[in-house]
Structures are given as C-alpha cells and as structure tokens.
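The values are calculated or read from the model by the stated rules, or taken from the named source; none is laboratory data. On a predicted model such as this, the values are computed, not experimentally measured, just so you know. No Cβ is skipped: glycine too gets one built from the backbone with ideal geometry, and neighbour counts run over all protein chains shown.
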Amino acid sequence: MNSNMEKPYVVGIDIGGTNTVFGIVDARGTIIASSSIKTAGYPTAEEYADEVCKNLLPLIIANGGVDKIRGIGVGAPNGNYYTGTIEFAPNLPWRHPPGGTPTQRSIIVLRRFRQQRYAGINP
C-alpha cells in the first residue's frame, strides 16, 4: 500500500478533574497508543499543557509522526464551543486558563515540531 494512501490517525484528549487521558486512534477507532497524567499536578494551565505535549509527542513520533495525525479531539468540562476555551470548570484547578485551551497549546506544539522536522532539526 502506498504510504500516501494510509489511513490517518486522530488524537483524543480527555481532560478530567483527576486525570487527563490522551491517545491515538486509527480510522476504525482502534487505540494505537495511550497515556495519562494527573490533571491537578500543575500550578498553571500552561505548565499542564506543556506536560500533556511532552507526553503526547513521543506517542505521535513512535506511531508515524505528526504528518499521520489528521485531527485532535478534546473532551473538557465547561468547554465553550464558540470561543474554544475552557471556562470556570468546577473540577479543574484553573478557573479560566490564560493563553488558550490545552488543545490550542497542543496544536501549537505539534506545528512547531512539524516546522522543525521540515527544517531538519528533528529527524
């Protein structure tokens, strides 16, 4: 099968009050890889988002790389569909995370990784 014809993967991130679980699934819904971190273990939303990215990127790299990922879905308490933010979630330690949602920050990190890879910084 031509690599251009391969089925894409998607990333799922489930943000809960105790744990955040994330993983990669294929087009049939088969879990390819998954991991988790403690949600409340970080004083700021930025530190939390950085830890999600730090743990998610190795899974992505080990399973075909960023080019294989076609989307990211997030489940979050009090997610605002219109603004793309998490607002006043009662079970999260950050009532109104600054700097965007963890998803937005994750996308930025994935884009940076892709740019570095194309520039020859990451193999």
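So here's what we get for this one:
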item	result
Residues located in region 30-56, provided they are at pLDDT below 90, loosely packed, with under 14 Cβ neighbours inside 10 Å and assigned to a loop (DSSP other than H, G, I, E, B)	Pro43, Thr44
Those residues of region 64-75 which are in contact with a strand residue (DSSP E or B) (Cβ under 7 Å, 6 or more places away or on another chain), surrounded by 15 or more Cβ atoms within 10 Å (Cβ to Cβ) and farther than 17 Å from Ala89 by Cα, in sequence order	Gly64, Lys68, Ile69, Ile72
Subset of region 79-106 [in a loop (DSSP other than H, G, I, E, B), in contact with a strand residue (DSSP E or B) (Cβ under 6 Å, 6 or more places away or on another chain) and at pLDDT 70 or above]	Glu87
